[in-house]
Structure formats: C-alpha cells, structure tokens
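Taking it in order: structure first as structure tokens, then the write-up.
The values are calculated or read from the model by the stated rules, or taken from the named source; none is laboratory data. Because the structure is a prediction, the values reported are computed rather than measured. Here the Cβ is made from the backbone with ideal geometry for all residues, glycine too, and neighbour counts use every protein chain on show. Surface accessibility is based on the protein's heavy atoms, side chains included, excluding ligands, DNA and RNA. Shrake-Rupley method; radii C 1.70, N 1.55, O 1.52, S 1.80 Å.
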Amino acid sequence: MRSALRAALLCLALAAPAAAQEASLVSGTVTDRGTGQPLARAQVEIAGTRARALTDSLGRFTFRGLRPGRHRAVVSRVGYQAVTQLWELAGSSLAVRVALDPAPVRLDGIEARVNRFERRLETRRRAAGFPVRVFDAARIEQTISPHAWDFVRYHSGVFLVPCPNGRLECTYKRGRLVHVDVVIDEVFSMFGLDELYRVQRDDIAVLEVYDGTVIRVYTKAFVRRAAERGWWPS
C-alpha cells in the first residue's frame, strides 16, 4: 500500500513541472516608438508555427501554450517597419514590449500618405465583420517568396486545397469547400490565384486576407498613382 502511494506521489511530482512547461503564457503590448501610443491590429507571428495574434485597441496580445525554449517573433503593421524579437521561455509566463517605427513609403520621389490610405483600409476591415489578416511590404520582404502566389501559399495562413477542377485555389470554410477569390489593385481577377504569379514580392505594398477566402493585393505602383491623383479606397 505504501509503495503504491509513493509511486503515485512520484508521478504527480514529475507531472507538475511538465504541466507548468506546457502552460507557458506570453503577453505583451505593441506601441508607436515616437508617440508611445498603443497600436491596434498589429500582427504578431511566431516563426515556424501557425501561432499568430492581432493586437487589440490597447495594443495588447497574448499567446498561450507555447513550448519552453527560444521563439522568434515577427511584429508588423501597415505603415510601420517590421520588428523581429527573440523570446526565451524558461518559466510559465513572459511579458514583452514591442515598439515600432513609422515607415513612410517613398515611391519615385513621392511620399504617399500611408496613414490616410491605411485608415480607409481599416474602415473596410472593420465593416467586414470577420477576421482580416494584413501583411505590409516590410513583412513580405522578410520572406524568400519571389511573388504574391508563393507568399499566399506559404506565409499567409490560407490553407489551399484542390478545387473540383483539380486547381489549387480552394479552401475549407466551416466545413464547406469554397473558392478563394483574388482582387488586385481594386480589380477582381478573372484568373484567380494564377494572377498572383505576376505580382513580384518587391512590388507589393499591402496584402490582405479576408476571412481566408478573399486575397486583396495593392501594388506599390497603384499606391503611387493613388497618391498622385488623390484617390483612396472607399
């Protein structure tokens, strides 16, 4: 009886540290380095995993259940320079702070007012009523993807599967197979995902993923023309 009790206590003692390790919590805030103001809808990703989060209106984000060890986090937001941090998880929790520097876009001598463009896009995202993932030029240029199709396939979080016609341009949404639509510079693409091959990585200003089923891409040339003509997304 005593030996069984000792064995049970030993199992509990071994299990407790393991449970604590598996329950690692990372919480943090993202701010504008110049103003100190919190940045909402900044994207925080853990490299090599599918773990990602968007900051709330107070610039806060949380990750739960990360394994102990070193993690590389990439923090980005449209209109700001992306930042990479190394997080060392040795205990059950970690608090981090991330400050981003504004990154005005210069295109052929024209400094586009990215903040105004972003406000219009933000209005559209809020009106969508479902999650929208956003990738700016700085975040995209950190990858080795040669074009927009490769970035969508491997870095956007969109899980592409073959459509009934065999083409890799569908995904599952709430258990249903649906087609992934593409909009480039405010024009619906009749050629679907294939048209993303012609959009080179360094030409992308912003790439948005609406609910995992609609890809919206804005090229730097389009942003330049918008700045010249005073046109902004409605």
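Quick check: at a probe of 1.4 Å, how many percent of the accessible area of the range 37-79 sits on carbon and sulfur atoms?
45 percent
Going by average Cβ neighbours within 10 Å, how do the peptides 146-155, 164-173, 132-141, 94-103 rank, with the highest at the top?
Result, highest mean first: 132-141, 146-155, 94-103, 164-173.
How much of the accessible area of the range 136-202, in percent, comes from carbon and sulfur atoms when a 1.4 Å probe is used?
C and S fraction of accessible area: 55 percent.
Over the alpha-carbon set of the range 109-189, work out the extent along each principal axis and list the three values in angstrom, largest first.
Principal-axis extents of the Cα atoms in the range 109-189, largest first: 46, 32, 21 Å.
Write down the accessible area per residue of the range 32-102 in Å², having rolled a 1.4 Å probe over the full set of protein chains.
55 Å²
Where does the range 75-234 land on Rg(C-alpha)/(2.2 N^0.38 Å)?
Rg over 2.2 N^0.38 Å, computed on Cα atoms: 1.12.
For an R0 of 35 angstrom, estimate the FRET efficiency from the Cβ-Cβ distance between Gln81 and Cys163 and round to the nearest 0.05.
Calculated transfer efficiency: 0.40.
For the ranges 37-44, 193-200, what's the packing order if you count other beta-carbon atoms within 10 Å of each residue, average per peptide, and put the highest first?
Final packing ranking: 37-44, 193-200.
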